[in-house]
Each structure stands twice: as structure tokens, then as C-alpha cells.
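The structure appears right after this line, and notes come after that.
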Amino acid sequence: MALIGTIRKNSWLLIIFIGMGLALFIITSMFVGNQIPFLDSQNTAGSIDGQEIQWSEFLNAEEALKGSGDIYAQRNAIWNFFIEDAIVQKQAKALGFSVSDVELQELQFGNNLSPIISARFTDPATRQVDRNQLNQIKNALESGDINPGYLQFWNHQKKEIIKEKLQSRMNTLVSKSIFTPTWMVEQNHSDQTQTASIEFVKIPFDEIDNADVTVTDSDLAAYLADNKKRYYQDEQTRKLDYIVFDVVATKDDTTAIRNEMSDLARNFQLSKDDTTFVDANAGTMDPRYISRDEVEKGRGGALTAGLIDAAFSANIGDVVGPIVEGNQMKIAKIVDSRVMPDSATSRHILINANSPQAFAAAEKTIDSLKNLLERGVANFDSLAVKFSQDPGSSAKGGLYENIAVNAFVPAYNDIIFFKGDIGKLYSVRSSYGVHLIEPISRKYADSDNKTERVKVSVISKTIVPSDITQESIAAVAQEFMANNRNLADFTQSANDQGLNIETTTPLKANDYALNILGTGATSRDIIRWAYTGKTSTGDVAPEVYEYQDPVEYYTSKYVVIGLKSITEAGNPSAASIADEIRPLVLNQKKAEVIKSRITSQNLSAIASSFSTKVDTAATVTFNSSFIPNMGNEPEVIATAFNQEPNSVSDPIIGNTGVYIVKLNSKSAVTGPSNIPTLRKQSTQSTQSQIAGSLLQSMKKNAEIKDLRSKFY
């Protein structure tokens, strides 16, 4: 009632409300079927040359292509597709390129499949396109009887196919226009074939102590002025300082796990059903017999180096451990122990099987063959050639000679080394199918020093920090964050406590990886905080970020973050990238000191004065990318080739030091004998780069606005 009374007294308010409603109605009517401009901007994920990408479009593509990998990497790939598709479609329209419905059908299901279809629908086993699967999809699409989610994927895939085809046509168009003129052919030939023999002295920058040179702000500014293009950036970047508080298991944590494993060992010793016990405790039953030598060479499987002494001194049925190996606490039960020959010769017939029905049929065939052999109405060699499906031995009558222990699957291995009698026939199953095996002979490498082997079952538990330990580290990190609310205090406290401060590489608003911290939701949250509107240089994040161990899923790291710097798009200031360019400027200053100390052109004298040596390099070409004891130093090579024989260069500032070069000799330049062939090779080399560089060039010339950081 009070509100009605107020409106009666202020009738002008009613007029305004009615007017606003009519205006909204009119505006809505104007944009029926379209986005309302001031609402649309809230749903815009970005734009490419003015073409807006709606967030809903992006989500639909993400849903269509959802996979099991890194979600942020997938999102980045989807965004790159939107960029490339928009650019390709725009250029294709200007060129008059298109893909018709008939051609699209051919690319999806015809004889000239798109590379995208070929890649996604090739059977890894046969390496052939699965035509049956494609035909089923085609029929489902035509009948409308297809899963909506798969239809969404297929519709997006159509866009990918069209983009790939249009892009391929553009690449072909540009490739066909490539021509290498004769002068370039001759120059390339000279750069690749003319050789030089040189001597050089390298004086590393480290010859000058950092304390002997001073880098000023004006030095940094001068360096940046000379290298503007190198440091120009298309968008703003930010750097973060961060401290990692690692969560490591304490002695008490290790003791608690040791007690747990000791109890488990006692129960394992008493167990009558090892298979069930091992399965229940996520252990490993290794079916092989392992020697000490195999363990020492890293081929012991579940029997690792930490268990070796205990395993070979225990009795059958004993449980050894717990022992600590790396971050694992282990116990092992000795299932069997025996001295075995080092090699065996056998022959077999294999009938492949991969299903219950196939195994039953294979066993029936093997039984029939065994019956023929035992009755003496057939010989093993001929049956193996005719029936065995093992390509490694069938042509040799099924024979395998002097095979080492564990070279074959356990079922086969055990028969030929100790279970089977020489000359008798045995039928066994393996993962390959059913074998008919005849052990022929066994051999010891050293009859006086026979090899002992053991079979073990191993149960391991990762030594992880307890909840109490995780909480205590969390409290330390939380206290550090609470007491240091700006980067100056953050840095001072870290130095006082001996904590290591890490600095990220320059981060863009949509990045999702943080140095050693890796990718994932936490890294993305940190970058989002860095780009929050209220975050300023010197701020410390108001929360401690947690990283989980990817295997054991406990909190393995607590991270405190501060915003170190903001570098705006365009040409950065020297101050904003000082940390990045200071080492380079420092080397330049050292180079000037080194140059000032070189007073001779005698290489031996120069080398002696700097405690280095004279190196030589023969058959150096102008195109040489790496020279021993020099590295990748193109300016040094270019200087050498521009010298006269027996002349010594002035000091050259290279990538890793200062060089003085003497040209001993240079081979004569000989013209190419077959210019058409070399022209073709050079042209093909350039054409091969088109696919990777043309689209990148178009992307550089496009106006791209990436607004995804508003949403995730």
C-alpha cells in the first residue's frame, strides 16, 4: 500500500516505467531472431576480422569434440580451429573457392576421403579405413537414426573437412606459383658446396666476472631500442612470482605405512589363496622366474633391486619386507624357487584364438594333431608347416632353437624349461591361442654355476603424506600468504626464510600452463586471478592454491602467488622486461671488455691471454648450422666467408662468446652442372613449407580478439 501511495504522489515515476517497458519491447522486436547488441557482447567468446564467435558456439564445439585429455589443451585447439576456419572461409570466398554438397559427401564416404576421415576411421590393426563403420554412419545419417551426441560431432567434423579442403586448395594455389630464379639456384648451390678451412679462438662471456661490469637502465633501454621487433608482442602478458610449499611424507608417515605393511606381510604369510589376497591388495603376481642378473639389469619386473637380496635368501612361501624403494613400501612372497637351464630348444604348432569359441575350436584341432603324432601317422615338421599360425616358426617346422628363459609367454616357457619332459607333447593355452609343444633339449651356460631363479608376488604401497602432514604444510603456506600481502613483503620474507621464489614465463590471458606446475584447473585459476580487473602489480593472491598428485590424489603442493609485472601489448618498456634482457646486455658489456683486452691478431697469443685454445674447423660451408667447439654462430661463419685467405678477423660478438677467426683457405666456387634439377629441388623445398606457413601468415594479418578468459 505504501508503494501505491508513493506512485500516486509521483505519477511521473509511472510514466518512466511504462516508457522503459515500451522501449525494451520495441528494441526486442527489432532484433527478433538476432542477438540484442548489448546482451550479445556478454556471450561473445571473441572475434576474427569482425566475425564474432559466440560462447554458445564454442561450448557446442567443445561438447561435440569432448575427449579424455587435458580440457584446456582441447579448448585451445577448438579456439584455434575457429580462428583458422574464419580466416580460411573469408579467403576462400574472395578466391571463389567452395565445397559443394556432392564433393562433401565424397570426402566423407566416397573413394577420395578427406585426410580427417582417413585419420579417424583407420583400423590400427589393418591400417585400412574401416568402410563398414563409415557405411553404418552414412546409413544412420540418412535415416535420421543416429545418436544426437554423435550427430553433433559429425556436424562439427563437416566443418573441419570443408576447412581442410579449402585450405588445401589455397596451399596448392600458392605452391604452383613458386619459382626459383637461376641466380638463387646458383647462390644456394654455392652456400651448400663451397667450403672453408678456418682457425678460431672462442673467449666465453664467463671469462669476465659479473661484478666487473655494470648494466644501467640506459643500457637496457638502448638494447631494447635496437631490438624492438624481437620483443614486440601482440597482447598483454603478465609474470608471476610464486613459492611452492611441497608436501613430503614425514618420518611418522613412513613409520605408519611400515606398520601397516608389516601387518599385511603377516597376513600374506598365512594366506592360503595368494591370488585373491594379491588382487585384494592391488599387488602383482609375476608368472615369470627371474634371475638375480635380470633384476640387476632392470628386467626383473615386479622383483626390483630393493627386494633382490631378501628374495634370494628366503624360502618358498616366505614373505620378505617391508622394504622402502623410492617412494614405495614393498613386501614380496616367494611363490617358487628353482635352478633352471639358461636356454632351451623346442618346437610347437600354434592355432590362434581370441574368444571362448575360438579357443574351443583351437583345442579340438590341437588334440587331433597331437593324436596323429602320438600314433605315428604324421611328422611334426609337416604338420607345423601346414597348420601352425606362428609366422616366426611355421616355415621351420615349428622349431625354436636355444631360446633364453622368459623369451616366451609363461605357459610356453614353463613347459620347455622344467614342467615338460623332453620328447613329449603338451597342449597349453596362452594369450596367442593354443600351442602343441615338444621340448627338445635344455642347456646350461655354465654347468658348475647354475642360475637360480625365483617367482614372486609383490604388494606395494606408495609412501604418501598423511592428512595431518598435508594440513600442517597448508597452515605454513596460509600463514605466509596472510603475513605477506604485497610482493615486497613476500620477497623479503622468502629471502629471510630461505624459500625459493620462482618466476613464470610471460603469461597471456588465456594461457593454462604454469612452468613446472603444469596445466590444469589450478594453473588456470591462478592465471585468471592474475588477469582479474582488480589485480595490480605487486599484489599477492588472497588464497593458497593447491595441486594434487596426479596418481595418488593427495595435495602435493601449496602455492602462494604474487603478480610481478604487467607488459602491455606493443613495444614493452625496458623496465617491464628487464629480467629477460639483462643477461643479454650483461654479455654485451662483457664482450666489450673482452674486445678491449685483445691487442693482437696472433691467435695463439690471444688464446694464451684468455686461458683458452685455438680450434680448427675444416670443410665449413656457409650453411653450416653447428660447428664443434663453436656451436651455432652464423655471424662468425659469415665473417669467415667474407675474409681473404690467411687474414684474421676483428673480434666478433657471437651467441656464447667473442670470436676471432682466421680463414686458411676457401674452395673455388663452381657453377651447378644441372640447374633444372637444382631448381626443381629448391622449388619443392619451398613448396613443402607452404602448408605450415601460409595459414600462419594469414593469421598474423588477421584482427583477432580472444575473450575466452571471461568464461573460464
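The values are calculated or read from the model by the stated rules, or taken from the named source; none is laboratory data. Only a predicted model underlies this, so the values are computations on that prediction, with no experimental measurement involved. So basically every Cβ, Gly included, is an ideal-geometry build from the backbone, and we count neighbours across all protein chains shown.
For the reader, a short list of remarks on this structure follows.
- Within segment 322-422, helices (runs of 4 or more DSSP H) holding 2 or more residues that are hydrophobic (A, V, I, L, M, F, W, C) and either in contact (Cβ under 8 Å) with a residue 24 or more places away in the chain or in contact with an Asp or Glu (Cβ under 8 Å, 6 or more places away or on another chain) (or both): 356-375, 380-387
- Restricting the first member to segment 99-119 and to residues that are without any contact (Cβ under 8 Å) to a residue 60 or more places away in the chain and closer than 17 Å to Q167 by Cα, and the second to residues that are assigned to a helix (DSSP H, G or I) and among the basic types (K, R), the beta-carbon pairs closer than 7 Å and six or more apart or on different chains are L104/K158; L107/K165; S114/K165.
- Counting only helices (runs of 4 or more DSSP H) that sit wholly inside segment 191-304, those with at least 1 residues that are surrounded by 12 or more Cβ atoms within 10 Å (Cβ to Cβ) and of a type in the set (S, T, N, Q) are 251-270.
- Number of positions in segment 48-70 that are touching a residue at least 40 places away in the same chain (Cβ under 8 Å) and either crowded, with 17+ Cβ neighbours inside 10 Å or closer than 18 Å to T519 by Cβ (or both): 7
- Residue check, T612 out of contact with any Lys or Arg (no Cβ under 6 Å at 6 or more places or on another chain) and within 24 Å of Y223 (Cα to Cα): no
- Filter result for the condition that a residue is assigned by TED's automatic domain parsing to the domain that holds E63, free of Cβ contacts under 8 Å to residues at least 60 places away in the same chain, of a type in the set (G, A, S) and more than 30 Å from K680 (Cα to Cα), over G144, G96: G144
- Flag for Q91 being surrounded by fewer than 13 Cβ atoms within 10 Å (Cβ to Cβ), assigned to a helix (DSSP H, G or I) and more than 25 Å from the chain's Cα centre (by Cα): no
- Residue match in segment 564-571 (condition: in the same structural domain as D525 (by TED's automatic domain parsing), among the small types (G, A, S) and within 21 Å of E479 (Cβ to Cβ)): no
- Residue in segment 490-514 that is surrounded by the most Cβ atoms within 10 Å (Cβ to Cβ), counting only those that are among the acidic types (D, E) and without any contact (Cβ under 8 Å) to a residue 40 or more places away in the chain: D511
- Filtered by the rule that a residue be out of contact with any helix residue (DSSP H, G or I) (no Cβ under 7 Å at 6 or more places or on another chain) and either under 14 Å from R292 (Cβ atoms) or not in a loop (DSSP other than H, G, I, E, B) (or both), segment 309-321 gives D309, A310, A311, S313, A314.
- Given (1) within 32 Å of the chain's Cα centre (by Cα); (2) surrounded by 13 or more Cβ atoms within 10 Å (Cβ to Cβ); (3) part of a helix (DSSP H, G or I), index of the condition L113 fails: (3)
- Test: residue in segment 549-562 that is outside any strand (DSSP E or B) and either under 26 Å from N210 (Cβ atoms) or more than 29 Å from the chain's Cα centre (by Cα) (or both): no
- Selection status of K424, surrounded by 14 or more Cβ atoms within 10 Å (Cβ to Cβ), among the charged types (D, E, K, R) and in contact with a strand residue (DSSP E or B) (Cβ under 9 Å, 6 or more places away or on another chain): no
- Verdict on L264 being within 30 Å of R485 (Cβ to Cβ), of a type in the set (A, V, I, L, M) and modelled with pLDDT of 95 or more: no
- Matching option when the condition is modelled with pLDDT of 95 or more and of a type outside the set (G, A, S), among I516, I526: I526
- Residues of segment 631-646 classified as in a loop (DSSP other than H, G, I, E, B) and surrounded by 13 or more Cβ atoms within 10 Å (Cβ to Cβ), total: 3
- Matching residues, segment 660-709, being surrounded by 16 or more Cβ atoms within 10 Å (Cβ to Cβ) and either without any contact (Cβ under 8 Å) to a residue 60 or more places away in the chain or touching a Gly at 6+ places or on another chain (Cβ under 9 Å) (or both): I704, D706, L707, R708
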